[in-house]
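Asker: Could you have a look at this structure, given as structure tokens, before my questions?
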Amino acid sequence: MTATSTQDLLSHAWFGIIGLMLLLYVVTDGFDLGVGILSLFRSKQDDRDLMIQSIGHVWDANETWLVALGGALFGAFPLAYSMLMTQLYVPVMVLIASFMMRGASIEFRHVAHGSKVFWDRVFGLGSLLAALSQGLILGEVISGLVPGIESSIFVVITAIGVASGYSLLGATWLVKKTSGQLQGSARRSAALAVCTTVFAAILVSLGTLYFSPVGLSQWQDSGVLHVLIVLGMLSALTFVYVLYALYTGGEHSPFAAACLLFTLSFAGLAISLFPWLVPGKLSIAAAASNSSTLTFMLLGIGTVLPIMLGYNFYQYHLFRGKVVLVKH
């Protein structure tokens, strides 16, 4: 095997690893961000207590995937890390500030005397800002960091779509973890969110063809197009199943289907943009570190990744089942 082919193999492997970590982050932290967003629309303190309690044992561990993702991107694709951090400084700083708001509000609300409304609103606002800033970052990357009014509109639609998608994950999580009136409200929220999410996904897909420097060329490849058609059909079936599961009283299946919908959408986006990290500006090959660095990091992630996966699976297994309101 030549040095060039080894470098390509390693860089593509790291593209896949980073994609996996991004997907795991989006799904896991996505639902607890969604719960935070939905808490903004609940007026009863008991409802907000139960919502936050439903994610209380997992929300901070979910964010470790983002930390690992940042480290992996810095080591495996330093040029992409540099470009993205430079061009997207403001939304990244807003994202970090929103995480600080969420963490501080959860801790302070536990020791708050009297009303917890203020800290609950800080938590909800932090969750919304985190979702919107992630959507802005996604939109900027898809559009190749190209400025302009049309690109800005596309980025805003992407941000709304991400916030809606996280609300879908959060609502279906509450369907799974709660019961009674709160569960019924979560079902209605999930039904609305899945419709707005799919509509936004369609707009983003069309926008990718128009705004992304490489989207159209990828879709013109017959092999890629056939895969995307299959993913689109599976996504449509999953969308219908989410609504079916919600209206037939499913408790675990809506959340599982929502996660599948995110996975299919993520796969379609990755295929549409491959082999670019920043479409039209920075490819995987151009951004990758040398073979020695990628190999060393591969040995490290081979040790760390199974531990992270095992811990996450264990905590979800340990805290499975419905949550019951505990008064502090």
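Asker: Residue under question is residue 255, and the condition is that it be closer than 21 Å to residue 138 by Cα, of a type in the set (Phe, Trp, Tyr) and touching a Ser or Thr at 6+ places or on another chain (Cβ under 7 Å); does it hold?
Answerer: Spelling it out, it is not the case that residue 255 is closer than 21 Å to residue 138 by Cα, of a type in the set (Phe, Trp, Tyr) and touching a Ser or Thr at 6+ places or on another chain (Cβ under 7 Å).
Asker: So, one more: Could we say that residue 98 is crowded, with 21+ Cβ neighbours inside 10 Å and of a type in the set (S, T, N, Q) here?
Answerer: In short, yes.
Asker: Take segment 17-72 and flag every residue that is of a type in the set (D, E, K, R) and more than 13 Å from the chain's Cα centre (by Cα).
Answerer: 42, 44, 46, 47, 48, 49, 60
Asker: Residue under question is residue 155, and the condition is that it be closer than 30 Å to residue 301 by Cβ, of a type in the set (Val, Ile, Thr) and surrounded by 18 or more Cβ atoms within 10 Å (Cβ to Cβ); does it hold?
Answerer: Considered against the rule, which asks whether it is closer than 30 Å to residue 301 by Cβ, of a type in the set (Val, Ile, Thr) and surrounded by 18 or more Cβ atoms within 10 Å (Cβ to Cβ), residue 155 comes out as no.
Asker: So which residues in segment 240-254 are within 22 Å of residue 230 (Cα to Cα) and in contact (Cβ under 8 Å) with a residue 60 or more places away in the chain, if there are any at all?
Answerer: Result: 242, 254.
Asker: Another question, if that's okay. Taking segment 59-80 as the search range and keeping residues that are among the aromatic types (Phe, Trp, Tyr) and at pLDDT below 90, which one is farthest from residue 286 (Cα to Cα)?
Answerer: Here the answer is 59.
Asker: Still on this model: Does residue 171 meet the test of being in contact with a strand residue (DSSP E or B) (Cβ under 8 Å, 6 or more places away or on another chain) and either on the phi < 0 side of the Ramachandran plot or modelled with pLDDT of 95 or more (or both)?
Answerer: Judged against the criteria, residue 171 is not a match.
The values are calculated or read from the model by the stated rules, or taken from the named source; none is laboratory data. On a predicted model such as this, the values are computed, not experimentally measured, just so you know. All Cβ positions, even for glycine, are placed from backbone atoms using ideal geometry, and neighbour counts span all protein chains on display.
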